[in-house]
Amino acid sequence: MSGIVLVCDHASNLAPAELGNLGLPLAELERHIGWDIGAAGVTRELSEILGVQAVYSSVSRLVIDCNRQLDSVGLIPVVSDGTVVPGNQNLSEADRDARITRWFTPYHDAVEAELARHEDPIFVSIHTMTPVLAGEPRPWQIALSSFTDRRLTDPVLAALRIPGDVTVGDNQPYDLDPAVDYSTPFHALRRGLLYLQVEFRQDEVASVAGQRLWAGRFAKALTVAVNSSDPCWKPKT
């Protein structure tokens, strides 16, 4: 399906050796604080199913979070889900700027370059969420986060719900906040592009089999929506 650009902001849990692995043991980097577990795998499966390109972040969100505004305290977190990140304490402006220059900017430049290859592209941002947060189970197996433009969100939600056996979240547990999120607001909202920001629950996509299953379900729902004859699918002019 041409014209779709997939991005995965939290694809990697790599903390480069020159940063001393941020002073963290591997077990911490393998947790959800280090990356979106299963997101890269789902993105790869979707890329294959849809026949489109994908852009992946190359380092852990603890090194720099490619989906946070540059003035956000979460851009380079000093604490994440109760874990202190030693390598992020008391960074100088030069250290901060070096991370932005080395990892944040090239990632978003790559997204921009891929978008430029298409006329009226559809921007799809892939994330995953923990099955439990602060002791509260999350019932949603898949969820879409949106802002005011819901031209694509609403029909994809409807398509995901058709089987009747999938629990789907609508801005649950996360909405799309342009003051916090970076990728979708910067690449899609400011241009008026059709977009989707999706969250898969991590226990559903931790395995290759789960990634294939949910990529297939999502691709089917997206295809139904994009192929709709409803004029709302036409990009904004």
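The values are calculated or read from the model by the stated rules, or taken from the named source; none is laboratory data. Quick caveat, the model's predicted, so the values are computed rather than measured. Because the Cβ atoms are built from the backbone with ideal geometry, glycine has one as well, and the counts that use them run over all protein chains shown. SASA here: full protein model, heavy atoms, side chains in, ligands and nucleic acids out. Shrake-Rupley method; radii C 1.70, N 1.55, O 1.52, S 1.80 Å.
Looking at Asp165, is it under 30 Å from Ala116 (Cα atoms) and part of a loop (DSSP other than H, G, I, E, B)? For Asp165, the condition - under 30 Å from Ala116 (Cα atoms) and part of a loop (DSSP other than H, G, I, E, B) - is not met. For the range 132-151, the tally of residues that are out of contact with any Ser or Thr (no Cβ under 6 Å at 6 or more places or on another chain), in a loop (DSSP other than H, G, I, E, B) and within 25 Å of Asp65 (Cβ to Cβ) stands at 6. Against the list (1) closer than 29 Å to Leu133 by Cα; (2) open to solvent by 70 Å² or more (accessible area, probe 1.4 Å); (3) without any contact (Cβ under 8 Å) to a residue 40 or more places away in the chain, the condition Asp109 fails is (1). Annotation: of all residues in the range 179-194 being open to solvent by 50 Å² or more (accessible area, probe 1.4 Å) and not in a helix (DSSP H, G or I), the one that is nearest to Ser125 (Cα to Cα) is Val180.
Could you pull out the residue among Trp103, Trp35 that is aromatic (Phe, Trp, Tyr), modelled with pLDDT of 95 or more and open to solvent by less than 50 Å² (accessible area, probe 1.4 Å)? Just a single option satisfies the conditions, and that option is Trp103. If you filter the range 134-154 down to residues that are out of contact with any Asp or Glu (no Cβ under 9 Å at 6 or more places or on another chain) and closer than 20 Å to Arg61 by Cβ, you find that the one that is modelled with the lowest pLDDT is Ala134.
Scanning the range 78-135 for residues that are of a type outside the set (A, V, I, L, M, F, W, C) and on the phi > 0 side of the Ramachandran plot yields a total of 5. Filtered by the rule that a residue be within 15 Å of Lys220 (Cα to Cα), of a type outside the set (A, V, I, L, M) and surrounded by fewer than 18 Cβ atoms within 10 Å (Cβ to Cβ), the range 133-163 gives Asp154, Arg161, Pro163.
Residue check: is Thr167 open to solvent by 30 Å² or more (accessible area, probe 1.4 Å) and either in contact with a Phe, Trp or Tyr (Cβ under 9 Å, 6 or more places away or on another chain) or aliphatic (A, V, I, L, M) (or both)?
Details: open to solvent by 30 Å² or more (accessible area, probe 1.4 Å): yes; either in contact with a Phe, Trp or Tyr (Cβ under 9 Å, 6 or more places away or on another chain) or aliphatic (A, V, I, L, M) (or both): yes.
Taking the combined requirement at face value, the residue satisfies it.
Would a scan of the range 86-98 turn up a residue that is at pLDDT below 95, open to solvent by 70 Å² or more (accessible area, probe 1.4 Å), part of a loop (DSSP other than H, G, I, E, B) and farther than 21 Å from Pro185 by Cα? For the range 86-98, residues at pLDDT below 95, open to solvent by 70 Å² or more (accessible area, probe 1.4 Å), part of a loop (DSSP other than H, G, I, E, B) and farther than 21 Å from Pro185 by Cα: absent.
Selection of first residues in the range 13-31 that are surrounded by 13 or more Cβ atoms within 10 Å (Cβ to Cβ) and of second residues that are of a type in the set (Asp, Glu), restricted to Cβ pairs under 8 Å at least 6 apart or on distinct chains, gives the following pairs, ordered by first then second residue: Asn13/Glu30; Arg31/Asp81. Restricted to the range 50-82, and to residues there that are open to solvent by 20 Å² or more (accessible area, probe 1.4 Å) and outside any loop (DSSP other than H, G, I, E, B), the residue that is farthest from His127 (Cα to Cα) is Val79.
Screening Asp81, Asp9 for residues that are modelled with pLDDT under 95 and either within 27 Å of Ile142 (Cβ to Cβ) or among the aromatic types (Phe, Trp, Tyr) (or both) leaves exactly one candidate, Asp81. Tell me, please, whether a residue that is in a helix (DSSP H, G or I), aromatic (Phe, Trp, Tyr), open to solvent by 20 Å² or more (accessible area, probe 1.4 Å) and out of contact with any Lys or Arg (no Cβ under 7 Å at 6 or more places or on another chain) can be found in the range 208-231. No, the conditions are met nowhere in the range 208-231. Asp120 satisfies every condition listed in (1) surrounded by 15 or more Cβ atoms within 10 Å (Cβ to Cβ); (2) in a loop (DSSP other than H, G, I, E, B) except (1).
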